[in-house]
Amino acid sequence: MAMTKAAGKTGLAGRGAARALRGLMICALALTITACASLERNHGYVPNEEDLAQLEVGKDTRETAAPKVGRPSASGLLNDTGWYYVQSRWEQRGMLPAREVDRQVVALTFSDKGVLQNVERFGMERGQIVPLSRRVTESSVKGMGVLAQLFSNFGRFNAGQFLGE
């Protein structure tokens, strides 16, 4: 009879250890799954399309635009001719470093008198910043384009400039 009690105690202990091991494996699996889940963070602010549609290019000023879309956290650095709104969405998976998955930039350009001249929205496609929309009062943008600048330089160089003469 002593043998039967000992065998019974060993069987109960074995079942308890199996339950504990099973519980430990379930916890490890749950931790592994949650560690691989992605965390998303949003930074910044960009006015939505409805708010931007309220702006009238050529009519609104800085004072009338501020209540409609809010003042930005960044404006033109040198001459305060533009307001810039930036919003980014970042994703982090487990222990991997966070990566930017989306960026929106809205630029409002004002004249020297403070009248709204341009509303542009930019996005990030395959790592490149691309214009998504643009509203301008004038028919052409001031200044020369890239090709015009390149072609205007032909004939201005001579061999002496490159040889240091």
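Couplings 3J(HN,Hα) for region 93-104, derived from phi with the Karplus relation 6.51 cos²θ - 1.76 cosθ + 1.60 (θ = phi - 60°), are 10, x, 8, 5, x, 5, 10, 7, 9, 7, 9, 10 Hz, where x marks Gly and Pro.
In this structure, the amide hydrogen of Thr61, modeled 1.01 Å from its nitrogen in the peptide plane, lies closer than 5 angstrom to those of Leu116, counting only residues at least 5 positions away or on a different chain.
Each reported figure results from applying straightforward, stated rules to the coordinates on display, with no laboratory input. None of the values given here were measured: they were computed from a predicted structure.
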